[in-house]
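Readers should treat all values here as calculations from the given coordinates under stated rules, not as data from a laboratory. Predicted, not measured: the structure shown is a model, and the values here were computed from it. We place every Cβ from the backbone using ideal geometry, glycine too, and count neighbours over all the protein chains shown.
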Amino acid sequence: MPFQVITVGEFKRLLGVKPTPKKELIGATIVTHPKSLKYPKEFDARTQWSQCSTIGRIIGHLLAPSPLLSLIY
């Protein structure tokens, strides 16, 4: 199945995302951005959120069979 025909819901299911119970979403703020929003050419989470003590750690990378899967752990 080509990537472009997968819905967001199907993609989340493939990644194993568990659905959030609707009662937990009551009162949640919905943030939207215009489609014309330009992304930065470079972004490094380690410098953007340097106060986060775990941002540079990759947990479970020794257990993952491939580099791509290490991003999920």
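Values for this structure:
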{"item": "Neighbour-count order for SER36, SER50, fewest beta carbons within 10 angstrom listed first", "result": "SER36, SER50"}
{"item": "Additional length obtainable on full extension of the chain from LYS35 to GLU10, 0.36 nm per residue less Cα span", "result": "6.8 nm"}
{"item": "Hz values of 3J(HN,Hα) by residue in region 30-40 - Karplus curve (6.51, -1.76, 1.60), Gly and Pro given as x", "result": "9, 10, 10, 9, x, 5, 7, 4, 9, 7, x"}
{"item": "Order of GLU10, GLU42 - criterion: other Cβ atoms within 10 Å of each residue's Cβ, fewest first", "result": "GLU42, GLU10"}
